[in-house]
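Colleague: Would you mind keeping the following structure in view while I ask a few things?
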Amino acid sequence: MIVWTVANQKGGVGKTTTAVALAGLLAEQGKRVLCIDTDPHASLTYYFGIDSEELESSAFDVFSAGKNITAELMRRSILPTEFNNLSVMPATMALATLDRKLGTQDGMGLVLKRGLAMIADDFDYVLIDVPPVLGVLMVNALACCRRVLIPVQTE
Ligand SMILES: Nc1ncnc2c1ncn2[C@@H]1O[C@H](COP(=O)(O)OP(=O)(O)O)[C@@H](O)[C@H]1O
Ligand SMILES: [Mg+2]
């Protein structure tokens, strides 16, 4: 499992577009791809036509589990898309409350790393879309990836 994070503290620079485009290209090549949306705005989630208000389980549940994360909870929070080889862990608005609720709890920066290690055989590539905020969500995404892609606007 190869994990790439798309991050930049600036909004509107093409993070979500980059994550979705790369995921599509990799899936087309036959790689098993997981997109993780950690942005409370849930734009990546909406890209795939998923209504983030109607979810039984999402990235929020994964982060809320903290140290008690399990493979079962990871898999329950991942949805198939209409595209072959391409799955999504959707975001919900509730993610915006995580920093206040859990940000200072011990081990909160490594929840996603632990969770992905538990399902390492399920996917070839993981692409993580991150909100433009240096908080617990970005820390998680940076702590578990091999590469960070930083889209910038050429202005
Ligand atoms: N390479 C690009 N060239 C022109 N417009 C782009 C490009 N990438 C993204 N956009 C547009 O810029 C806007 C912001 O992109 P988005 O991926 O949502 O940014 P972010 O996730 O960083 O907030 C969207 O309207 C998107 O369609
Ligand atoms: Mg975005």
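Just so you know, all these numbers are worked out from the coordinates, no wet-lab data involved. Since the model is a prediction, treat every value here as computed from it, not as a measurement. Don't worry about glycine lacking a Cβ; one is built from the backbone with ideal geometry, like all the others, and counts go over all protein chains shown.
Colleague: Is the shape of region 8-65 best called rounded, prolate or oblate, per the rule: a/c under 1.5 gives rounded, else a/b larger than b/c gives prolate, else oblate, with a ≥ b ≥ c the square roots of the Cα gyration tensor eigenvalues?
Modeller: Details: a/c = 1.80, a/b = 1.24, b/c = 1.45.
Verdict is oblate for region 8-65.
Colleague: Scan the chain and note any complete DSSP helix (H) whose C-alpha atoms cover at least 18 Å along its axis and whose Kyte-Doolittle average is 0.5 or more. Let's see the in-between values first.
Modeller: Details: long enough: 15-28 (20 Å, 0.92).
Helices meeting the span and hydropathy rule in the chain are 15-28.
Colleague: Another question, if that's okay. Count charges around Leu86 for me, please; just the other residues with Cβ under 14 Å from its Cβ, Lys/Arg as +1, Asp/Glu as -1.
Modeller: Values: positive: Lys31, Arg32; negative: Glu28, Asp37, Glu82, Asp122, Asp124, Asp129.
Result for the neighbourhood of Leu86: -4.
Colleague: Okay, moving on. Could you work out how far apart the two model spin labels at Arg147 and Gln9 are, taking each label as a point 7 Å from the Cα in the direction of the beta carbon, and quote it in nm?
Modeller: 2.4 nm
Colleague: What is the fewest-to-most order of Cys145, Cys35 by other Cβ atoms lying within 10 Å of their Cβ? Walk me through the numbers before you get to the answer.
Modeller: On the way: Cys145 22, Cys35 29.
Taking fewest neighbouring Cβ atoms as first place, the list is Cys145, Cys35.
Colleague: In addition: Cut-off 10 angstrom, C-alpha nodes, Gaussian network model of the chain. Which of Asn140, Asn85, Asn68 fluctuates the most?
Modeller: Asn68
Colleague: Among Val88, Pro131, Tyr47, flag the residue with its Cα farthest along the positive direction of the charge dipole of region 2-149, charges on Cβ as +1 for Lys/Arg and -1 for Asp/Glu.
Modeller: Pro131
Colleague: Below 8 Å, C-alpha to C-alpha, sequence gap of six or more: please give me the relative contact order for the chain in percent. If you can, show how the numbers build up before the last one.
Modeller: Details: 309 pairs, mean separation 66.7, N = 155.
About 43 percent, as a whole number.
Colleague: Just tell me which aspartates and glutamates come within less than 17 Å, Cα to Cα, of Lys15; anything on the same chain fewer than 8 places away is out.
Modeller: The qualifying aspartates and glutamates are Asp37, Asp39, Asp129, Glu155.
Colleague: Under the classification rounded if a/c is under 1.5, otherwise prolate if a/b is larger than b/c and oblate if not, where does region 2-149 fall, given a ≥ b ≥ c as square roots of the Cα gyration tensor eigenvalues? Working shown, then result.
Modeller: Details: a/c = 1.37, a/b = 1.23, b/c = 1.11.
Rounded.
Colleague: Rank the residues Arg75, Arg114 as a footprinting-exposure proxy: fewest other Cβ atoms within 10 Å of their Cβ go first. Walk me through the numbers on the way to the answer.
Modeller: Values: Arg75 15, Arg114 20.
Fewest to most other Cβ atoms nearby, the residues stand as Arg75, Arg114.
Colleague: Still on this model: Given the C-alpha centroids of region 127-155 and region 28-50, what is the distance between them in whole angstrom?
Modeller: Measuring centre to centre over Cα atoms gives 14 Å.
Colleague: I've got another one for you. Of Leu112, Leu102, how do they rank once you tally other Cβ atoms within 10 Å and put the fewest first? Write out the running numbers ahead of the final one.
Modeller: Values: Leu112 28, Leu102 15.
So the ranking, lowest neighbour count to highest, is Leu102, Leu112.
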